[in-house]
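Asks: Can you keep this structure in mind? I'll have questions shortly.
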Amino acid sequence: MRSYLILGMCALFLVEYFVELEWLQLVVVGLSLFAFLGSAFKADRFPRLLGIIMMTAGIIIEWRKGTWVQGISDGLFLILPLICLLTLAPLLSIPLRLSGYFESIAALLRNLMHQPKKLYAGITGTLFLLAPVLNLGSVRILNEFFGEIKLPSAMSAKSYLVGFSTAVMWSPYFASVSLVLHYLNISFKGYILYGMGLSILSLVVGNILFALWEKRHPLSEELTPEAPLEKEHRLQMMKLVLFVVILMSACLVVENFTHWSMIVIVCLMSILVPAGYGVISKGWKRMASPLVDFRDRTVPMMNNEIMLFMSAGMLAFAMKGTSAANGVSTFLGQLANQSFILFALAVMLIVLSITYMGIHQIAAVGALAMQLNPAELGMSNIGLALLLLLTWSISTALSPFSGLNLMVSRFAGISGVQTGLRANGLHLSIIALIGIAIISFIG
């Protein structure tokens, strides 16, 4: 029943986006509140506690601002696109799985098991392709590929975090990119080259650092070789790359001609691509089981994400215009006038401090995106967006409370601090410095 509530909320939001009826917006907000309350009962203890605290704080702030019902409604409706994105994006995994791409990826990675550097490049490269579409599901799927063959902890911690964190900076299927570009009023077309360029640079730096690290800590003896990769699997990998390129290009084309919100375009693509696959392949019978699984297992499992996204988004919206937010904005503005490097480091430090306490990046980065004025800081919208997304990516990898860090630390069998700071601290520090230098040049 709760799955139908969440999916119905997503469907009505998409309808409301095009018809723009005020009463329908109130209905969607009402459904989102029920979805939040329903998720609260099923969420894990820590996300439930944190979500309730952030949602309560947001409501109290709106009440004290005097906006009350209207403010709460606007805050929830502003975060709803991201909830829809989070809910509908997993549908894209259905055509990928049914087309046999996952088996080919598994064959490729197992073929590289005896070559640590190539295996690392294979894992990070695969995540660069899959994570933009499948989000955290890409890490889970990749870990399943190895089956009973357990990767060394260092390999898991380094490859999973580096490969996944690149997508945080450029994929329109990620809440990070959609939220920041939405708040700063930037088209995905105008941003993608900057975001993807920095992501590829992060991937290259990660592979170089791993090669240097592996020389001092040989892993060859811990890994086992597999059979050569068959021609069929190589062809499937080429098709996968083409699929991702076509998918992203389609999003850009639709945005260019319609000027719709990229979040809405991505949500529509998440529905239309599986539907199109079913029509073209005539594989509706094969799709029945994955669709039922999506309804009965995938959507109900999003309790923690719905709790954290909705409450963090509400808190970020409520913080806008408060004395605390204005004080931070003034402080950062003064720093920006003195030194861009100090300003950028302060932004990173603020977000990292907040996320290390367990508060989601949406609250910290969202509040800054809504509060900061690029013109007053002496920088462009693109520059501020790139800085905020770079910060989001770094905090996702470092924070022991982020979904990525929690998942990877579980797979690697080490703590969240070891996974983030110890295994990837050098890489993230180098990318932070390179990113700040590039952004300062962009302006």
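Asks: Considering only the stretch 153-179, state which residues are surrounded by fewer than 24 Cβ atoms within 10 Å (Cβ to Cβ) and aliphatic (A, V, I, L, M).
Replies: Answer for the stretch 153-179, where residues must be surrounded by fewer than 24 Cβ atoms within 10 Å (Cβ to Cβ) and aliphatic (A, V, I, L, M): Ala154, Met155.
Asks: Please indicate, with yes or no, whether at least one residue in the stretch 310-327 is closer than 23 Å to Met379 by Cβ, touching a Ser or Thr at 6+ places or on another chain (Cβ under 6 Å) and of a type in the set (A, V, I, L, M, F, W, C).
Replies: Within the stretch 310-327, not a single residue is closer than 23 Å to Met379 by Cβ, touching a Ser or Thr at 6+ places or on another chain (Cβ under 6 Å) and of a type in the set (A, V, I, L, M, F, W, C).
Asks: How many of the residues making up the stretch 134-150 are surrounded by fewer than 24 Cβ atoms within 10 Å (Cβ to Cβ) and either of a type in the set (Val, Ile, Thr) or free of Cβ contacts under 8 Å to residues at least 12 places away in the same chain (or both)?
Replies: Qualifying residue count, the stretch 134-150: 6.
Asks: Only one of (1) in a helix (DSSP H, G or I); (2) in contact (Cβ under 8 Å) with a residue 12 or more places away in the chain; (3) within 18 Å of Val168 (Cα to Cα) is not met by Ser429, so which one is it?
Replies: For Ser429, the failing item is (2).
Asks: Against the definition (farther than 26 Å from Arg422 by Cα, among the hydroxyl-bearing types (Ser, Thr, Tyr) and assigned to a helix (DSSP H, G or I)), how does Tyr191 come out, yes or no? Don't jump to the end; show me each part of the working.
Replies: Numbers: farther than 26 Å from Arg422 by Cα: yes; among the hydroxyl-bearing types (Ser, Thr, Tyr): yes; assigned to a helix (DSSP H, G or I): yes.
Criteria met by Tyr191.
Asks: Got a number for residues in the stretch 224-267 being outside any helix (DSSP H, G or I) and modelled with pLDDT under 85?
Replies: Within the stretch 224-267, residues that are outside any helix (DSSP H, G or I) and modelled with pLDDT under 85 number 7.
Asks: Mind checking which residues of the stretch 409-433 are surrounded by fewer than 17 Cβ atoms within 10 Å (Cβ to Cβ), polar (S, T, N, Q) and either closer than 18 Å to Ser393 by Cβ or within 20 Å of the chain's Cα centre (by Cα) (or both)?
Replies: Ser429, the sole residue that qualifies.
Asks: Got at least one residue in the stretch 91-99 being touching a residue at least 40 places away in the same chain (Cβ under 8 Å), surrounded by 15 or more Cβ atoms within 10 Å (Cβ to Cβ) and more than 30 Å from Gly276 (Cα to Cα)?
Replies: Looking for residues that are touching a residue at least 40 places away in the same chain (Cβ under 8 Å), surrounded by 15 or more Cβ atoms within 10 Å (Cβ to Cβ) and more than 30 Å from Gly276 (Cα to Cα), one finds none in the stretch 91-99, hence no.
Asks: For the stretch 267-289, give me each residue that is among the charged types (D, E, K, R) and touching a residue at least 24 places away in the same chain (Cβ under 8 Å).
Replies: The answer is Arg286, and nothing else.
Residue by residue, here is whether (1) surrounded by 20 or more Cβ atoms within 10 Å (Cβ to Cβ); (2) touching a residue at least 24 places away in the same chain (Cβ under 8 Å); (3) not in a helix (DSSP H, G or I) holds:
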| site | (1), (2), (3) |
| --- | --- |
| Leu349 | no, no, no |
| Leu352 | no, yes, no |
| Gly366 | yes, yes, no |
| Glu376 | no, yes, no |
| Met379 | yes, yes, yes |
| Gly383 | yes, yes, no |
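The values are calculated or read from the model by the stated rules, or taken from the named source; none is laboratory data. Everything numeric in this text was worked out from a predicted model, so none of it was measured. Every residue, glycine as well, gets a Cβ built from its backbone with ideal geometry; the counts of neighbours run over all protein chains shown.
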